[in-house]
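The values are calculated or read from the model by the stated rules, or taken from the named source; none is laboratory data. Keep in mind that what you see is a predicted model, and the values were worked out from it rather than measured. Here the Cβ positions follow ideal geometry from the backbone for every residue, glycine too, while neighbour counts run over all protein chains shown. Just the protein is used for accessible areas: all its heavy atoms, side chains included, with ligands, DNA and RNA removed. Shrake-Rupley method; radii C 1.70, N 1.55, O 1.52, S 1.80 Å.
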Amino acid sequence: MPFAKLGLSGPLVQAITELGYKTPTPIQEQAIPVILSGKDLIATAQTGTGKTAAFVLPLLEKFSNAGTLRGKRIRALILVPTRELAVQVEASAAQYAKHMHLTSMAVYGGVDTEAQKERLIEGVDILVATPGRLLDLAHQRALHFDELQVLVLDEADRMVDMGFVDDINKIIERLPENRQNLLFSATMSGDVRALAYGFSDSKMTDLAADISISPNIRAAANIKQWLITVDKDNKSALLSHLINEQEWDQALIFTEKKHNAAKLVAQLEKRGIKADSIHGGRSQAMRENVLAQFKSGELKYLVATGVAARGLDIGELSRVVNYDLPFQPEEYIHRIGRTGRAGASGEAISLVDMSDFKNLCAIERRLNTIIERKEIAGFPARKEVPASNLNHVKNNR
Ligand code: AMP
């Protein structure tokens with residue numbers, strides 16, 4: 001189905017055609033008409049499904065004939081969990097609006113407020129924000145919500161996990177009641193539903209369309225997953241070996257903790273492999289700089305913690321490595337979703353030591369698949385990782 005059939009007009013279709021989008025993804029096919037109709041929407045969709053365009057395109061279409069915006073006013077507010085995602089969603093909005101006279105801007109913490117306040121003076125059609133900074137700016141009367149028409153909560157599950165529920169509710173209290181609400185989440189836990197129903201003062205209840213692109217989220221079939229069992233103290237040597245022997249062109253490597261990310265970069269560099277890291281302990285400017293280097297290909301190996309890398313669109317990424325396994329199976333699915341995007345193929349490799357075993361079982365149970373194990377000569381695991389069992393019950397840790 002062509003994009004124009006979904007109700008998008010010339011300038012938008014032109015912009016997305018220039019970006020190489022040929023047909024809408026399933027979430028776009030389902031969400032765009034609902035959003036254009038003015039209904040509220042609760043959608044289950046992972047990053048990598050094209051969900052950003054699924055809400056940004058119809059917002060731009062809705063605002064295409066809007067009148068002038070007053071100063072410090074916004075028409076749509078998109079709340080996101082991380083600074084990186086704010087930057088990325090805004091960049092997509094700017095690309096899609098290329099042939100229109102609509103404006104967009106990202107506001108997030110960790111940088112000076114003054115420039116953001118100044119930019120808001122003229123008003124912005126689409127504002128992408130992290131919750132804390134948005135509240136700050138609202139307290140300082142740098143923006144007003146009386147012309148707001150649409151609220152979007154993107155990656156709502158992650159915002160819940162990161163403890164943003166109170167901030168989000170404080171923001172909602174300030175918004176006009178008569179607005180459209182859109183909620184996107186990779187998973188639909190009770191907490192996320194509660195957040196959605198917290199909107200019900202306005203209308204996000206029976207009237208809301210509820211669509212689900214991956215009801216039981218599964219890893220995309222085009223991602224080849226495999227793992228290697230290895231001793232913890234041998235992981236960095238194994239990773240260096242794989243990078244060199246298999247001549248990896250590129251890899252995004254996940255660690256659970258930020259100090260592990262920094263340590264791994266040092267270990268790789270000791271073996272002559274140039275790597276860098278993004279994690280919560282680095283400044284915003286530094287994270288953006290490192291990410292830009294990775295995206296341009298100048299940096300081939302990027303080590304990241306899950307939170308820092310959340311939602312990043314790194315383009316055609318061929319390989320993701322789980323240096324350790326996350327506690328939450330959903331986090332694993334998010335991580336490996338950085339590769340194999342929009343139909344491209346990719347591989348996801350996990351380095352699994354004995355202490356990862358419980359997490360491995362939880363992940364495999366969630367995927368309902370036993371991940372293929374491979375052996376790499378020269379790296380036998382002294383502490384053997386037991387065979388996987390889909391019925392393994394994870395004890396409380
Ligand atoms: P998202 O799920 O929003 O993070 O998008 C994942 C990637 O898919 C981004 O690089 C988008 O630019 C790309 N994308 C979104 N929609 C389409 C489409 N209809 N055709 C091709 N690529 C798309």
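For the range 8-19, what are the residues that are away from the ligand (no atom under 13 Å from the Cβ) and either part of a loop (DSSP other than H, G, I, E, B) or acidic (D, E) (or both)? S9, the sole residue that qualifies.
Let's see how each residue does on (1) part of a loop (DSSP other than H, G, I, E, B); (2) open to solvent by less than 20 Å² (accessible area, probe 1.4 Å):
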{"residue": "L227", "(1), (2)": "no, yes"}
{"residue": "A237", "(1), (2)": "no, no"}
{"residue": "S240", "(1), (2)": "no, yes"}
{"residue": "W248", "(1), (2)": "yes, yes"}
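Is it the case that I32 is away from the ligand (no atom under 16 Å from the Cβ) and open to solvent by less than 30 Å² (accessible area, probe 1.4 Å)? Here the answer is no, as I32 does not meet what is asked.
The set of residues from the range 42-69 being open to solvent by 10 Å² or more (accessible area, probe 1.4 Å), more than 13 Å from the ligand (Cβ to nearest atom) and part of a helix (DSSP H, G or I) comprises E61, K62.
Listed here are the residues, each with its yes/no results for (1) surrounded by 24 or more Cβ atoms within 10 Å (Cβ to Cβ); (2) closer than 20 Å to G280 by Cβ; (3) of a type in the set (A, V, I, L, M, F, W, C).
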site: G71; (1), (2), (3): no, no, no
site: R75; (1), (2), (3): no, no, no
site: S92; (1), (2), (3): no, no, no
site: H101; (1), (2), (3): no, no, no
site: G110; (1), (2), (3): no, yes, no
site: E118; (1), (2), (3): no, no, no
site: L134; (1), (2), (3): yes, yes, yes
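Residue-level check: of (1) on the phi < 0 side of the Ramachandran plot; (2) in a loop (DSSP other than H, G, I, E, B); (3) away from the ligand (no atom under 13 Å from the Cβ); (4) surrounded by fewer than 20 Cβ atoms within 10 Å (Cβ to Cβ), P81 misses just (4).
Sort through K22, K39 and tell me the only one that's assigned to a loop (DSSP other than H, G, I, E, B), among the charged types (D, E, K, R), within 13 Å of the ligand (Cβ to nearest atom) and open to solvent by 40 Å² or more (accessible area, probe 1.4 Å).
After applying the criteria, what remains is K22.
Checked against (1) in a helix (DSSP H, G or I); (2) crowded, with 17+ Cβ neighbours inside 10 Å, A292 passes all but a single condition, namely (2).
Quick check: is even one residue across the range 306-320 outside any loop (DSSP other than H, G, I, E, B) and either modelled with pLDDT of 95 or more or over 30 Å from E90 (Cβ atoms) (or both)? No, every residue in the range 306-320 fails to be outside any loop (DSSP other than H, G, I, E, B) and either modelled with pLDDT of 95 or more or over 30 Å from E90 (Cβ atoms) (or both). Restricting the first member to the range 296-320 and to residues that are farther than 19 Å from M159 by Cβ, and the second to residues that are within 13 Å of the ligand (Cβ to nearest atom) and at pLDDT 85 or above, the beta-carbon pairs closer than 9 Å and six or more apart or on different chains are I314/K295; G315/K295.
Report yes if some residue within the range 181-192 is free of Cβ contacts under 8 Å to residues at least 12 places away in the same chain and at negative phi; otherwise report no. Checking the range 181-192: at least one residue is free of Cβ contacts under 8 Å to residues at least 12 places away in the same chain and at negative phi.
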